[in-house]
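Asks: The structure's right below; bear with me while I get my questions together.
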Amino acid sequence: MHVGEVYFPLRHHKRWLNEKIGPDAANSEHDFTRKILAMDAKNYHAWSHRQWVLQALGGWESELQYCNQLLEEDVFHNSAWNQYVFLLLQRRYLVVTRSPILRGLAAMRDSEVDYTVEAIMVNPQNESPWRYLRGLYKDDNNLLVADNRISDACHKVLNKDWTCVFALSFLLDLLRMGLQPSNDLKGTIEAMENSDPETGHADIAVVVCSVLQKCDPLRINYWSWYQTTLSS
């Protein structure tokens with residue numbers, strides 16, 4: 001049994017005490033959870049308590065920097081975009097969207113997109129940064145399509161590895177949303193078509209969907225269905 005499991009059943013009493021103390025308790029609580037997470041980075045109770053401290057007591061000033069530190073240790077050094085890293089990205093998203101200091105997602109989106117695209121270039125085969133990138137636009141499809149950095153990231157990845165499922169699926173969604181691909185991107189897609197004679201001279205989105213059916217066999221039924229929606 002690790003430290004978090006021993007301690008955090010008492011967290012409700014600890015929170016009650018901290019509420020009585022007020023914001024002065026924030027720094028010591030953040031230091032406490034840092035120690036727990038240094039021993040067990042996936043400790044859900046520690047993350048949950050840290051989130052409560054932020055929202056109830058404050059301490060937002062250094063939280064984005066803390067997220068950066070953890071991500072750099074586990075992503076840019078080890079390329080370990082796994083479930084733990086997705087947890088960190090969820091944490092980062094919370095800080096970006098709720099911190100009263102950072103002024104919200106609209107104010108932070110530009111720098112966050114740059115940060116996430118850089119992470120995608122480190123390891124395109126990990127899904128977490130692609131998912132985080134979608135979240136940065138929060139259903140604003142027009143803004144997503146208009147941001148050339150997104151289609152450029154797909155293009156760069158596919159130029160190196162045209163079988164990357166995450167780049168292909170992201171690009172397919174962009175095309176369906178109305179993306180007008182650049183000539184360079186069209187050339188990359190045409191190269192995919194030439195490598196797969198079965199696609200024929202189809203619509204660009206249909207070509208990408210056809211490639212996905214071969215590169216992502218576990219979801220071949222889904223991509224087959226998706227292709228029928230393109231045809232219709």
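Asks: Could you give the nm distance between label points at N141 and S48, where each point is 7 Å from its Cα heading toward the beta carbon?
Replies: Placing both labels 7 Å along Cα→Cβ, they lie 3.7 nm apart.
Asks: If you don't mind, there's one more thing I want to ask. Using a basic spin-label model with each label point 7 Å from the Cα along Cα→Cβ, how many nm lie between L230 and K156?
Replies: Result for the modelled spin labels: 2.5 nm.
Asks: Could you give the length gained on full extension between D24 and S62, defined as 0.36 nm per residue of separation minus the Cα-Cα distance, in nm?
Replies: Here the answer is 12.1 nm.
Asks: How far apart, in nm, are the 7 Å Cα→Cβ label points at Q90 and Q69?
Replies: 2.3
Asks: If R0 is 25 Å, what FRET efficiency do you get for Y222 and N148 from their C-beta distance, rounded to 0.05?
Replies: 0.35
Asks: Of the heavy-atom accessible surface of the chain (probe 1.4 angstrom), what whole percent is carbon and sulfur?
Replies: 50
Asks: Also, I was wondering about something else. Which aspartates and glutamates, if any, have their Cα less than 13 Å from the Cα of K160, not counting same-chain residues under 8 positions apart?
Replies: Correct list for K160: D152.
Asks: Please work out the average accessible area per residue across the chain, using the 1.4 Å probe convention, and give it in Å².
Replies: Here the residues of the chain average 53 Å² of exposed surface.
Asks: Follow-up question, since we're still on this one. Could you give me D for the chain, from Stokes-Einstein at 4 °C and 1.567 mPa s, where the hydrodynamic radius is the Kirkwood radius over C-alpha pairs? Units µm² s⁻¹, please.
Replies: Details: Rh = 19.9 Å.
For these conditions, the coefficient is 65 µm²/s.
Asks: Less than 30 Å apart at the alpha-carbon level, and either on another chain or at least 8 residues along: which lysines does that give for K20?
Replies: Straight-line reach from K20, under 30 Å: K35, K42.
Asks: Give the calculated FRET efficiency between A191 and E118 to the nearest 0.05, with a Förster radius of 22 Å applied to their Cβ-Cβ distance.
Replies: It comes out at approximately 0.30.
Asks: Could I ask something else about it? Among A106, L185, Q213, whose Cα projects farthest towards the positive end of the dipole of the chain, with charges put on the beta-carbon of Lys, Arg (+1) and Asp, Glu (-1)?
Replies: Sorting the options by dipole projection puts first A106.
Asks: Right, another one. Within the set of other residues whose C-beta is less than 9 Å from the C-beta of L136, count the net charge using Lys and Arg as +1 and Asp and Glu as -1.
Replies: Result for the neighbourhood of L136: +2.
The values are calculated or read from the model by the stated rules, or taken from the named source; none is laboratory data. Here the structure is a predicted model, which is why all the values come from computation and not from measurement. We place every Cβ from the backbone using ideal geometry, glycine too, and count neighbours over all the protein chains shown. We work out accessible area using only protein heavy atoms, side chains counted, and drop any ligands, DNA or RNA first. Shrake-Rupley method; radii C 1.70, N 1.55, O 1.52, S 1.80 Å.
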